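Here is the structure we will look at.
The values are calculated or read from the model by the stated rules, or taken from the named source; none is laboratory data. This structure is a prediction, so every number in the text was calculated from the model and none was measured. Quick reminder, even Gly has a Cβ in these numbers, built from the backbone with ideal geometry, and neighbours come from all protein chains shown.
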Amino acid sequence: MKYFSKKIDDILYSGITDRSDDSLYYLQIINLSYILSLSGIAFLCVFFVFVSQWPIVWFQMISVFIGIMGFRLNLKGFHSKSAVFLPFFLIGYLLISSFFFIGANSDLHWATSLYPIYSFTVFQRKHYLKRIYLVLLGSIGFFLCEFIAPETSILVTPQQQVWLSAYTFCISMIFASLIMNLLISRLIKANQHLKHLAEVDELTGISNRRKVLADAVDVFAGSSFNGKKCSFAIIDLDHFKKINDTYGHDAGDLVLREVAQQMATKMDASFKLGRYGGEEFVIVMPDTDVLSAEQSMEAMRANIEDLQIETKQGIVVPVTVSIGISSINFNTMRYEEVLSEADQALYLAKDEGRNRVKTYSIY
């Protein structure tokens, strides 16, 4: 399945692998539309070979060749021309087929009902005139085939027309389903990207303040409800302003990234880490009492102290952190209280000389 999915992606991305903007999805739909249209015509070519209708076979083969020329326009980067060429090509194909080869009773012209889907997915809002023109084109083509084209054909039997009518229905359903699947996939990816922007700190790559506080709420609520322990830690880089002033802001950003990644790598998998603001970080520790939290944070402090963070100029920047810890107790009513207590413990660690771990105590 993965191999098949990769091949489909390769086809949809044909000629557009260098694109990364929103137009990527429109170009994918153009490719998909050409592939389905050409596949549908090729299938009809095979069908008419089996029933020995060679004039129709030659017409189908010529149509496939013309369609491939339009597809090549998209592959060569002429996306706008290719997008407009396809509906005109198909309306000509349907008119010639209905009037001269298979007759209107085959219902092949009902494929024009897909024109609105194509128009509104391929052309962006700023190209509203193209959308209108193509919908009108499809409508005109449909009414010409429905009311003017001969119902029967000397080349195609009534039974064969019934089969072609069923085929038109199936191919239309497949086209609409695949286009909707592509659009839904686009929506899912867009939502995932927005979620990433809303939850991830751009500089460090870890959770931002909003996300880590949401994690804190969830862990606190779960611990309170189930009567379990949880602890919060606030980590602050010592003398961070001095690092910026001495080594530059690029070095400061490097320190923040390296420290964040060190904490993310070394902490327990169940812990929640996020950047609280500036040079401060928060770690939320579910199912962890204050003693276990202190041991974990002491190991974290030692790991950070041992870091060798080297700038582009080859300068090693010394880094230490101060950490304040607080744990939930039977008097705790809100998660903000635990954070506030951890903050008080952090300030105590700074007052006692920094580069240490302190736990909150009421004494």
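Counting only residues that are among the β-branched types (Val, Ile, Thr), touching a Ser or Thr at 6+ places or on another chain (Cβ under 8 Å) and part of a loop (DSSP other than H, G, I, E, B), how many does the range 127-167 have? Of the residues in the range 127-167, 1 are among the β-branched types (Val, Ile, Thr), touching a Ser or Thr at 6+ places or on another chain (Cβ under 8 Å) and part of a loop (DSSP other than H, G, I, E, B). Condition check for Ile174 on (1) over 25 Å from the mean Cα position of the chain (by Cα); (2) over 21 Å from Ser80 (Cα atoms): one failure, at (1). If you check Ile179, Ile117, Ile184, Ile171 for being surrounded by fewer than 16 Cβ atoms within 10 Å (Cβ to Cβ) and assigned by TED's automatic domain parsing to the domain that holds Ser80, only one passes: Ile184. The C-beta contact set for the range 140-160 (first residue closer than 12 Å to Asp107 by Cα, second residue among the small types (Gly, Ala, Ser), distance under 6 angstrom, 6+ apart or interchain) comprises Cys145/Ser98; Cys145/Ala104; Ala149/Ser98; Ala149/Ala104; Pro150/Gly103; Glu151/Gly103; Glu151/Ala104; Thr152/Gly103. The residues of the range 337-358 that are exposed (fewer than 14 other Cβ atoms within 10 Å of the Cβ) and either of a type outside the set (Asp, Glu) or outside any loop (DSSP other than H, G, I, E, B) (or both), listed by number, are Asp351, Gly353.
Per-residue answers, yes or no, for (1) touching a Ser or Thr at 6+ places or on another chain (Cβ under 8 Å); (2) free of Cβ contacts under 8 Å to residues at least 40 places away in the same chain; (3) of a type in the set (Phe, Trp, Tyr):
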residue	(1), (2), (3)
Val255	no, no, no
Gly278	no, yes, no
Glu294	yes, no, no
Asn329	no, yes, no
Leu346	yes, no, no
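Going residue by residue through the range 177-194, is there one that turns out to be modelled with pLDDT of 90 or more and either at positive phi or not charged (D, E, K, R) (or both)? Scanning the range 177-194, I find no residue that is modelled with pLDDT of 90 or more and either at positive phi or not charged (D, E, K, R) (or both), so the answer is no.
As a summary of the residue check, Asp287 satisfies the conditions (1) on the phi > 0 side of the Ramachandran plot; (2) free of Cβ contacts under 8 Å to residues at least 24 places away in the same chain except for the one numbered (2). Taken together, Phe71, Phe99, Phe65 contain a single residue that is under 20 Å from Leu144 (Cβ atoms) and assigned to a helix (DSSP H, G or I), which is Phe99.
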